[in-house]
Each structure stands twice: as C-alpha cells, then as structure tokens.
Amino acid sequence: MGQHKKVRKAVFPVAGLGTRFLPATKAVPKEMLTVVDKPIIQYVVDEAMEAGIEHFVFVTGRSKHVIEDYFDIQFELEHTLRERNKKAEITLLSQQLPKAGTVSFTRQQEPLGLGHAVWCAREIVGDEPFALLLPDMIMRGEKGCMKGMIDLYAHSGGNIVAVEECEPEQAHKYGIVGVGDAIGEGFRITSMVEKPAKGTAPSNFFINGRYILQPEIFAILENQERGAGNEIQLTDGMLKLLRDQDFAGYHFRGTTYDCGAKDGFILANVAFALARADIRPSIEEGFKALLAGLK
Ligand code: UTP
C-alpha cells in the first residue's frame, strides 16, 4: 500500500464529432448538453474531483472552445449576481470550478479515434499514471466510480479498467474483459475483447469508460495502427500493454448512462431528475399523466 505512484492527473477526451446528436452538435459540443441542470462534462469532472484528482486535462477539438469558457470564471455574470445578492448561485458557480492552474487544454487536430485523443495528452501527463474518463459516460452509484478505482489502485497498482455486468446476450455490444483472481473490489483481467461475436464473450463484464493507465500506453499508441472504424482504438493499445503489465477490473456497483446515445442521454435525465427531491414530485406526476395518455 502507498508504494504506487499517485494518480494526480485525469484526461477527458472531448474531441469527438458527436454525430449521433446532430443537429445539436453543429453548435453545442455533446459534452455541454445538460442532464437536468448541469452539462454532462460537469458530472465527470465532479467524479474526478471526488477521487482526489489534482489536474484536469481536456483533449479538445475544433468548435469546443465553449468547454474552455465553461471552466473559467464568468466575470460579468458573477458581477451581476453579486449586485443582485444571489449568494447561492455564486457559491454554486465557485464550487464547480477546478482551481486556477489545474486545468490544461490540448487539441486533437483531427478526430482520429479515442486512442489518438489519449496520445495527444502525453506531454501534459508525462511519465506518471493517469486517470481517463470518457465524458459521455455518467454514473450513479453509492461510491464514485473513479474513487473506487483509486482505492483499488492503492492495493493493486498497475492499470485499472472499471467494469459492470450486462445481460450476457448484450455482451456483443461492448468491450468485454476476461475474469481472473479476485483482488479488492475487483479481479485480475486476463483478456479484453471489443464487441465479441455473439456467444464468444469471455464474461459479461463490460468496460464502462473509466480507466487508470500507466504512461507506457503512450509509446504503444504512438505506433498504433488504425483499427475498427479506421480509427486509432484505445482497446487495441491496451491489449498490447496487457502483454507486459497487470490490469485489474474494478467492479463498479451502480449504473452507467451512455449520454453519447439518445436513449442513454434521456434515461440519464430521467434518473438524475428523479433523484432530486426538489423536482421529483412534479416529474412523477408528469410521467403518470403522460403514460396514462399514451395507453
Ligand atoms: P464516441 O465513440 O462517442 O465518438 O467517442 P463521438 O465522435 O464523440 O460521437 P459519435 O459516435 O460521432 O456520435 C467516445 C469518446 O472519445 C472522444 C469523444 O469525444 C468521446 O468522449 N473522442 C473520440 C475523441 O476525443 N477523439 C476522437 O477522435 C474520437
């Protein structure tokens, strides 16, 4: 315990095109779409903050500058709020902002795939382990997913991939891991396969979009050839790293919403809204009326 290099930095790849949310994503990055009243990216940054991450690295692309503005002080707005004595709103804005000097942005000049986006963060991350959070995945659980991963990392070191169980017949839709010996709140990973053909998956544990990776992944990604979808795939890089280094699966006990897809995004809105005491009653009432009307 304690002998593993600390995970201080988190990478958020936000350079994807978000084609599944066109036309909205013509002008608004997918990561800025709101779940209840917060942009999706805020949920993910909150999760990293809760896990003790100290430096936030965004890999952005063209037309994503609004994300940069979002993680900055909005001077005029705060001035007006102060003049109007809106204390609660001012506190809210300051709580959601990482400290000055702890946020970095780098550009992925072409969207060549997730593996390439991660590689673009190599100079900022340097020679240390880092967290990787896919911003379109947001989670609800008793313990934050990244917090649980950091706790497991204190025992296991190495690389960690968060996993969740799916219905076995759904396994062909996901990245799936092979399950080895138990370790902490997880297990050793023996293999990884992206979207296995039906009936061939090594388990029903799917990769849910949270990782702790050792910096050796960067050299692998540098030489990584294009894979599925003609993109540089992170999973292909991780498979190479698995030959030399340990990977543990952290079994996240909660629900992940894939906000990169319309159904996941709408479900996330419903789930997070129902978890809010201030709006739950009216939402429930509205749903009842809606469902009754649809009969
Ligand atoms: P997705 O597979 O969801 O792709 O990327 P996308 O482009 O964002 O969305 P669709 O499929 O066109 O609707 C998973 C994550 O990897 C990032 C995305 O921003 C998203 O957070 N990504 C993907 C990059 O940063 N760069 C890429 O080249 C590809």
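The values are calculated or read from the model by the stated rules, or taken from the named source; none is laboratory data. Note that the structure is predicted; figures quoted are calculated from it, not measured. As a convention, Cβ positions derive from the backbone with ideal geometry for all residues, glycine included, and neighbour counts pool all protein chains shown. Surface areas here come from the heavy atoms of the whole protein model, side chains and all, with no ligands, DNA or RNA. Shrake-Rupley method; radii C 1.70, N 1.55, O 1.52, S 1.80 Å.
Of all trypsin sites (Lys or Arg not before Pro) in segment 56-93, which ones are in loop regions per DSSP and have a Cβ with at most 16 other Cβ atoms within 10 Å?
Arg62, Arg84, Lys86
Treating the beta-carbon of each Lys and Arg as +1 and of each Asp and Glu as -1, no other charges, what is the dipole magnitude of the chain about its Cα centre, to the nearest 20 debye?
460
Of all DSSP beta bridges located in segment 1-146, what percent are antiparallel, nearest 5?
That works out to approximately 15 percent antiparallel.
At most 15 other Cβ atoms within 10 Å and a DSSP loop assignment: could you name the trypsin sites (Lys or Arg not before Pro) in segment 202-285 that fit?
Filter output for segment 202-285: Arg226, Arg253, Arg276.
Can you give the % of DSSP beta bridges in the chain that are antiparallel, to the nearest 5?
60
Indicate the gyration tensor shape class of segment 120-162 (rounded, prolate or oblate), computed on the Cα atoms with a ≥ b ≥ c the square roots of the eigenvalues: a/c under 1.5 is rounded; otherwise a/b larger than b/c is prolate and the rest oblate.
Oblate shape, in that a/c is at least 1.5 and b/c is the bigger or equal ratio.
Apply the Karplus curve 6.51 cos²θ - 1.76 cosθ + 1.60, θ = phi - 60°, to the phi angles in segment 221-236 and return the couplings in whole Hz, x for Gly and Pro.
Karplus-based 3J(HN,Hα) across segment 221-236 equals 5, 4, 9, 6, 7, 5, x, 3, x, 6, 10, 7, 8, 5, 4, 4 Hz.
Using Cα-Cα distances under 8 Å and only pairs 6 or more residues apart, what relative contact order does the chain have, in percent?
After rounding, I find 23 percent.
Taking K and R as +1 and D and E as -1, what net charge do the other residues with C-beta under 10 Å from the C-beta of Asp127 add up to? Let's see the in-between values first.
Numbers: positive: Lys5, Arg122; negative: Glu128, Glu216.
Net of charged neighbours comes to 0.
With axes computed from alpha carbons, what is the tilt in degrees of helix 280-294 against the longest principal axis of the chain, rounded to the nearest 10 within 0 to 90?
The angle comes out near 80 degrees.
Under a point-charge model restricted to the Cβ atoms of Lys and Arg (+1) and Asp and Glu (-1), what is the dipole moment magnitude of segment 208-295 relative to its Cα centre, in debye to the nearest 20?
480
Anything over 24 Å Cα to Cα? Flag those among Lys38/Lys64; Lys86/Lys143; Lys26/Lys99; Lys5/Lys147; Lys9/Lys87, in the order listed. Walk me through the numbers before you get to the answer.
Working: Lys38/Lys64 17 Å; Lys86/Lys143 32 Å; Lys26/Lys99 30 Å; Lys5/Lys147 16 Å; Lys9/Lys87 31 Å.
Distance filter (> 24 Å) returns Lys86/Lys143; Lys26/Lys99; Lys9/Lys87.
Tell me the volume per residue, in Å³, of the convex hull enclosing the alpha carbons of segment 101-190.
With only Cα atoms used, segment 101-190 gives 158 Å³ per residue.
Could you tell me what a quarter of the Cα convex hull surface of segment 150-295 works out to, in nm² with one decimal place?
That works out to 11.9 nm², a quarter of the Cα hull's surface.
Under 16 Å between alpha carbons, and skipping anything fewer than 8 positions from Lys195 in its own chain: which lysines qualify?
Cα-Cα hits under 16 Å: Lys173.
Taking 8 Å as the Cα distance limit and 6 or more residues as the minimum spacing, I'd like the relative contact order of segment 151-294 as a percentage.
In percent, rounded to a whole number, it is 27.
Using each residue's phi in segment 66-81, evaluate 6.51 cos²θ - 1.76 cosθ + 1.60 at θ = phi - 60° and report the 3J(HN,Hα) Karplus result to the nearest Hz, with x for Gly and Pro.
In residue order, the calculated couplings are 5, 5, 4, 5, 4, 8, 10, 6, 9, 4, 5, 4, 5, 4, 5, 4 Hz.
Expressed as a rounded percentage, what relative contact order does segment 1-156 have, with Cα pairs under 8 Å and six or more residues apart?
On the way: 197 pairs, mean separation 66.4, N = 156.
That works out to 43 percent.
Nearest 5 percent is fine: what portion of the DSSP beta bridges confined to segment 141-288 is antiparallel?
Of the beta bridges lying entirely in segment 141-288, close to 75 percent run antiparallel.
May I ask for the net charge around Lys5, where only other residues with Cβ less than 10 Å from the Cβ of Lys5 are counted and Lys, Arg are +1 while Asp, Glu are -1?
Combined, the nearby Lys, Arg, Asp and Glu give 0.
With the Cα gyration tensor of segment 45-165 giving a ≥ b ≥ c as the square roots of its eigenvalues, does the rule (a/c under 1.5 for rounded; else a/b larger than b/c for prolate; else oblate) give rounded, prolate or oblate?
oblate
Counting Lys and Arg as +1 and Asp and Glu as -1, each charge on the Cβ, what is the dipole of segment 1-109 about the Cα centre in debye, to the nearest 20?
Its charge dipole is roughly 360 debye.
Which sequence of Asp181, Asp37 reflects their accessible areas, 1.4 Å probe, from the largest down?
On the way: Asp181 120, Asp37 95 Å².
My answer, sorted largest first, is Asp181, Asp37.
Give me the Kirkwood hydrodynamic radius of the chain in Å, from all C-alpha pairs, to one decimal place?
After inverting the mean inverse Cα-Cα distance, the result is 20.3 Å.
Through the Karplus equation 6.51 cos²θ - 1.76 cosθ + 1.60, θ set to phi - 60°, convert the phi angles of segment 211-219 into ³J(HN,Hα) values in whole Hz; use x for Gly and Pro.
Here the 3J(HN,Hα) series is 9, 10, 10, 7, x, 4, 4, 5, 5 Hz.
With unit charges on the beta carbons (Lys and Arg positive, Asp and Glu negative) and the dipole taken about the Cα centre of the chain, which residue among Leu81, Phe205, Ser63 sits farthest to the positive side?
Positive-end residue among those listed: Leu81.
Write down the accessible area per residue of the chain in Å², having rolled a 1.4 Å probe over the full set of protein chains.
For the chain, the solvent-accessible area averages 52 Å² per residue.
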